[in-house]
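The values are calculated or read from the model by the stated rules, or taken from the named source; none is laboratory data. Please read these numbers as outputs of a predicted model, since none were measured by experiment. All Cβ positions, even for glycine, are placed from backbone atoms using ideal geometry, and neighbour counts span all protein chains on display.
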Amino acid sequence: MSNRSPISGCLLGLVLLCSFGLAACDSNSGEAVAAIAPAANVATPVESGQATAKDAQAQKARPESLAELDDQPLPRRKLDIQSWETDGGAKVLFVEAHELPMFDLRLTFAAGSSQDGDAPGLAMLTNAMLNEGIAGKDVTAIAEGFESLGADFGNGSFRDMAIVSLRSLSAADKREPAVQLFSQVVGQPSFPDDSLQRIKNQVLTGFEFQKQNPGKLASIEMFKLLYGKHPYAHPTEGTPESIPRIDVAQLRDFHAKAYTAGNVVIALVGDLSREEAEVLAAQVARALPLGAALPSPPVPSTPQPTHKHIDFRSNQTHLLLGQLGIARRDPDYAALYLGNQALGGGGFGTRLMEEVREKRGLTYGIYSGFSPMKTKGPFTISLQTRADMSEGTLQLVQEVVARFLKEGPTEAELERSKRQIAGSFPLSTASNADIVGQLGSIGFYDLPLNYLEDFMQQVQALSVEEVKAAMNRHLSPDGFVIVTVGPQVEQKPLPAPSEKPIEQPSSVPEH
Amino acid sequence: MTPTLRRAAALLLATIYLPLVTAADTQPTHEFFLNNGLKVIVREDHRAPVVVSQLWYKVGSSYEPPGQSGISHALEHMMFKGSSKLGAGEASRILRELGAEENAFTSDDYTAYYQVLARDRLAVAFELEADRLASLTLPAEEFAREIEVIKEERRLRTDDKPSALAYERFKAMAYPASGYHTPTIGWMVDLERMSIDDLRAWYEAWYAPNNATLVVVGDVTPGDVRTLAERYFGLIEKRPVPDAKRPLELAEPGERRLTLHVKTQVPSLMMAFNTPSLATETANPQQIYALRLIAALLDGGYSARLPQRLERGEELVTSASAWYDAYARGDSLFVLSAAPNMQKSRTLADVEAGLWQQLEQLKQTAPSPEELERVRAQVIAGLVYERDSITQQATTIGMLETVGLSWRLMDEELAALEAVTPEDIQQAARAYFTRSRLSVAHVLPEESSDE
């Protein structure tokens, strides 16, 4: 989760695979960890290009297994969320899971870059410096401590939240020393000055790497234009100007006010009894400074629509379109989630993917999504396309969105998206890692413990009109801030689309 | 370290983790063949009512002849464009509606397709997968569009990504003799001249049940899976497939150097040594496990040697990594990469010398027992953590089987790593970290002169 190793990240990517669809959305938006609804990395080409198959289709045998699916609601892993508060006010969410001899601990602090004040990058540096030193141990001794136990320490910071996590074996001889070390690292870091200099150098090198990453350049510009003077405007990693000025005293102050027991949610999943979980959570909370929750950032004001182009020598042009979206607790969340699944949130099979990739071959992938945050997070649409058709593609995307807002999703699109969300529900709590993520979000955004069920019911009850109305309450076809990054080249017209496929009746039983 | 201490260390390592091995008990795993030669492996994981189904084909970019680079990956794309029961994109629409996660991936050694879904929908995944194995449509006009998507994918992931572009060129140099030379996405010139007939021939050559492995992990029983597999895959006929040669390399091709100027702001260094893999070093697999431990000693965590010594100690690099793939179908590479610390005015030459120093130390001094223990503790815990994800378990099984090893290795890995002695590590370092096995790339910003 740390953002300090550009090269190893790159290389890892290289030895990985060429994959048919991008697994997840671009990292344009704010809170990578904030998705509470079933993560939609479904990748599925669509009912597109079926013009050819249209005739043959009549004679095609239907897949017989579909007809045999029954109508029973899907079972899913039982999720008995227990919750309590520690001394000092830390909120704990816990799920017992004894199947594997391990546990996951995740602390989520309201200590993201929206709390930076006039020192962009302060929250990120504080988070990155936690494991650089404690009394009697330097950074290497801390790393050796975790690693000799087989424990994984993780950290990362975003706009709203800062996360510190531990995954460890649950046997007492591993768990106890791991939790002991973790508590000290989070609660009593020493912030050694030589480490700070080193990490600042690495961050500055990271800025150099960013200059070769057109997607990142677009994202930085998008937040700047969307948020103006709001604390979400600046990048979480700070700027080349702000980073050198930050000193150890600022880190200490930030830690004392933001890494407090009153400002954290402790999510815990694994092979622990309730009693063991209580002891563990109390130990972690006791190690933290005392203090209250930090206030949420103010509501941002609506930006002026604009189009900014950044010249960049690349083969493709990156297109990023954005508007202000919603806060995580907005009552329209379920309707917007559902609407966006149909528009561009579900990977393949969405309106945008169908029009831009499947019918015209203009992009490898196009995604839209709300990133709900403490206050209004962004709604963004991102894609990359060949430079000589970028203008036509941008216009096409805007037309697709405008039509979607005007007409709403079709009944069929809505039904399909509802079924998809219901069908993927069991996947959203399948692993301990999935569950600890859900607990972190529920706790951090102060949602009810039965939130996952509530969300599912709300989604299933929505009508086309309700979804359309909600989309139009928050988005406007003319309201986009647009950022393009790429070369200036002569533009060509778009290829003609393949024939519009016939809308097929759904063949999947409803749940 | 004295010989006595070394023995003591080895002994300690051999015994200390016994209690944990029990804790990390293996999960019930079953394998069987259908009559048409399709191998099926089922691993039970009953924690949640979900299941992952993966179909792995023994074909990938290392199988491709010159001029046809990228054809395995292009065929993977076309596998979503229709078969006897399904129109183009329809299988994906059905799966999406079922709430399934699905995708596919291609690499040097394999092409694989997967679905993750609620357990009572496994039959749908099987039926759709079997249909495109038996009867892919391959419509020409779909291909005309899809090849444009693939070119965009290449522009996005390689041409416009300096580090990926550099690695593509570096890999082509580091594998002079074998198909690992070939980039999985394909060279642009080959994408330009690829035809639907090429794809059809490739599909007919390699997509046979006897050239595939079906891996199922999740809340299922082997009996249920067998029934479903026989029903949907059982009728597909066995076919002869071409004889696939293991990608073998020259053991010592000679030192190779490459200077690349790319659109980057930050220079970086890559080094790779030609090495065998577990599949090609059958006489002395100990050496392979020793190389795996060396990768972990160098880069297995924040306390490992590269971050500790080069990143933090000398502040020579802002990042460095070491990586070794023991599980290739053919010969492999041990790869190191690093970016110099520009704030401290370090050059690529400094970094290259610094990395060599670490390699020389491995040759001269055996690692301490504490250091080795730490590495093994991470491996042992990793085996437990891996079991939290059904997809990860299935991927490990499928990958091992497809490169010609056995899924059983994943459960035996621990014992194999524990048998490695400090001397083995020294020996492996001496054998493989030599100039005659070395490829080096200096990756520089476009405007600058070398160094």
**Fill in**
The condition of being surrounded by fewer than 24 Cβ atoms within 10 Å (Cβ to Cβ), more than 17 Å from A:L320 (Cβ to Cβ) and more than 13 Å from chain B (Cβ to nearest Cβ) holds, among A:P372, A:P448, only for A:P448
**Item:** Check on A:A422, more than 15 Å from A:L343 (Cβ to Cβ), at pLDDT below 95 and in a helix (DSSP H, G or I)
**Value:** yes
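Residues checked against (1) surrounded by 24 or more Cβ atoms within 10 Å (Cβ to Cβ); (2) outside any loop (DSSP other than H, G, I, E, B); (3) of a type outside the set (A, V, I, L, M):
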{"site": "A:R313", "(1), (2), (3)": "no, no, yes"}
{"site": "A:H318", "(1), (2), (3)": "yes, yes, yes"}
{"site": "A:Q323", "(1), (2), (3)": "no, yes, yes"}
{"site": "A:P331", "(1), (2), (3)": "no, no, yes"}
{"site": "A:L343", "(1), (2), (3)": "yes, yes, no"}
{"site": "A:V356", "(1), (2), (3)": "yes, yes, no"}
{"site": "A:R360", "(1), (2), (3)": "no, no, yes"}
{"site": "A:F379", "(1), (2), (3)": "yes, yes, yes"}
{"site": "A:S382", "(1), (2), (3)": "yes, yes, yes"}
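Matching residues to (1) closer than 30 Å to B:K171 by Cβ; (2) within 14 Å of another protein chain (Cβ to nearest Cβ); (3) in a helix (DSSP H, G or I); (4) touching a residue at least 60 places away in the same chain (Cβ under 8 Å):
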site	(1), (2), (3), (4)
B:V335	yes, yes, no, yes
B:E352	yes, no, yes, yes
B:L372	no, yes, yes, yes
B:I380	no, yes, yes, yes
**Prompt:** So which of B:T402, B:T434, B:T347 is hydroxyl-bearing (S, T, Y) and within 14 Å of chain A (Cβ to nearest Cβ)?
**Reply:** B:T402
**Prompt:** Based on what the data block shows, is B:L372 touching a Ser or Thr at 6+ places or on another chain (Cβ under 7 Å), of a type in the set (A, V, I, L, M, F, W, C) and over 16 Å from A:L100 (Cβ atoms)?
**Reply:** no
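Each row is one residue, and each column tells you yes or no for (1) of a type in the set (K, R); (2) touching an Asp or Glu at 6+ places or on another chain (Cβ under 8 Å); (3) more than 7 Å from every other protein chain (Cβ to nearest Cβ); (4) touching a residue at least 60 places away in the same chain (Cβ under 8 Å).
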| residue | (1), (2), (3), (4) |
| --- | --- |
| B:S92 | no, yes, no, no |
| B:E101 | no, no, no, no |
| B:D109 | no, no, yes, yes |
| B:Y113 | no, yes, yes, no |
| B:E153 | no, no, no, no |
**Request:** Would you kindly identify the strands (runs of 3 or more DSSP E) lying entirely within the range A:55-172 that contain at least 1 residues that are buried (at least 20 other Cβ atoms within 10 Å of the Cβ) and free of Cβ contacts under 8 Å to residues at least 40 places away in the same chain?
**Result:** A:152-157
**Item:** Single condition A:D434 does not satisfy, out of (1) within 10 Å of chain B (Cβ to nearest Cβ); (2) free of Cβ contacts under 8 Å to residues at least 12 places away in the same chain; (3) farther than 25 Å from A:L166 by Cα
**Value:** (3)
**Request:** Could you tell me whether A:T302 is assigned to a loop (DSSP other than H, G, I, E, B), touching a strand residue (DSSP E or B) at 6+ places or on another chain (Cβ under 7 Å) and within 17 Å of A:A119 (Cα to Cα)?
**Result:** no
**Request:** Give A:A218, A:A256, A:A233 a once-over and let me know the one that is among the small types (G, A, S), at pLDDT 95 or above and over 30 Å from A:Q304 (Cβ atoms).
**Result:** A:A256
**Asked** For the range A:77-130, how many residues meet the condition of being over 30 Å from A:E241 (Cα atoms) and in contact with a Phe, Trp or Tyr (Cβ under 6 Å, 6 or more places away or on another chain)?
**Response** 2
**Prompt:** Looking at the range B:305-326, which of its residues are surrounded by 21 or more Cβ atoms within 10 Å (Cβ to Cβ), over 15 Å from A:E132 (Cα atoms), facing another protein chain (nearest Cβ under 9 Å) and not hydroxyl-bearing (S, T, Y)?
**Reply:** B:V317, B:A320
**Item:** Selected residue (only one of B:A177, B:A201, B:A172 is surrounded by fewer than 20 Cβ atoms within 10 Å (Cβ to Cβ), more than 8 Å from chain A (Cβ to nearest Cβ) and either at pLDDT below 95 or assigned to a loop (DSSP other than H, G, I, E, B) (or both))
**Value:** B:A177
**Item:** Hits in the range A:214-250 (condition: surrounded by 20 or more Cβ atoms within 10 Å (Cβ to Cβ) and farther than 25 Å from A:P300 by Cβ)
**Value:** A:P214
**Prompt:** Has the range A:226-239 got any residue that is without any contact (Cβ under 8 Å) to a residue 60 or more places away in the chain and part of a helix (DSSP H, G or I)?
**Reply:** no
**Message:** Kindly evaluate B:A290 against the criterion of being crowded, with 22+ Cβ neighbours inside 10 Å, among the small types (G, A, S) and within 11 Å of chain A (Cβ to nearest Cβ).
**Reply:** no
**Request:** Mind telling me which of the residues A:A277, A:A261, A:A267, A:A281 ends up being over 30 Å from A:P192 (Cβ atoms) and either crowded, with 22+ Cβ neighbours inside 10 Å or in contact with a Cys (Cβ under 7 Å, 6 or more places away or on another chain) (or both)?
**Result:** A:A277
**Message:** Quick test of your reading of the structure: B:M78 fulfils all but one of (1) more than 7 Å from every other protein chain (Cβ to nearest Cβ); (2) of a type in the set (A, V, I, L, M); (3) over 20 Å from B:A205 (Cβ atoms). Name the failing condition by number.
**Reply:** (3)
**Request:** Look at B:G301 and say whether it is modelled with pLDDT under 95, crowded, with 18+ Cβ neighbours inside 10 Å, not in a helix (DSSP H, G or I) and not polar (S, T, N, Q).
**Result:** yes
**Item:** Exclusive hit being of a type in the set (A, V, I, L, M) and surrounded by fewer than 24 Cβ atoms within 10 Å (Cβ to Cβ), set B:A134, B:A130
**Value:** B:A134
**Complete:** Subset of the range B:41-69, residues touching a helix residue (DSSP H, G or I) at 6+ places or on another chain (Cβ under 8 Å) and part of a loop (DSSP other than H, G, I, E, B), comes to B:D45, B:A48, B:P49, B:K58, B:V59, B:G60, B:E64, B:G67, B:Q68, B:S69
